[in-house]
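Nothing in this text is a laboratory measurement; each read-out follows from the coordinates by a stated rule. Keep in mind that what you see is a predicted model, and the values were worked out from it rather than measured. Neighbour counts are summed over all protein chains in view; Cβ atoms, including those assigned to glycine, are modelled from backbone coordinates with ideal geometry.
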Amino acid sequence: MAAAASAQSDELESLFSFLGQIQQDGALRDLLNDVISAPDVVAIAADQGFNFQASTLLGLFERCNEAPLARQGLMDEKLIRVYLQRQRLQAP
């Protein structure tokens, strides 16, 4: 059980590290705004060396009252809103 909690913590850390880059990286924002779903975001993150599951991102969307899909061109804003709530979301 502790190993699973540790793995989830590592996954959240990787996810929030990725999300933290969005505001400063215009090219990344452009890439993200071409997609509308969590699996697409996971693929972009994996290409940049960040590993987390789509289900983890979808869980964060749900906890932030965000829809599971983004309208075209708005994924960056959705992800930034999730990132800005990271302290609350990482609390046990």
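Peptides 70-76, 36-42 ranked from most to least packed give 36-42, 70-76, packing being the mean of other C-beta atoms within 10 angstrom over each peptide's residues. Highest-first packing order for the peptide set 13-19, 53-59, 63-69 is 13-19, 53-59, 63-69, based on the mean count of other beta carbon atoms within 10 Å. So which DSSP H runs in the chain come out at 20 Å plus along the axis (Cα) with average Kyte-Doolittle of at least 0.0? Length and hydropathy pass: 2-22.
Label positions at residue 10 and residue 67, each projected 7 Å from the Cα along the C-beta direction, are separated by 3.5 nm.
With R₀ set to 30 Å, the beta-carbon distance separating residue 27 from residue 55 gives a calculated FRET efficiency near 0.65.
Binning the alpha carbon pair distances of the chain at 5 angstrom intervals from zero yields the distribution 3, 14, 27, 29, 17, 7, 2, 1, expressed in whole percent.
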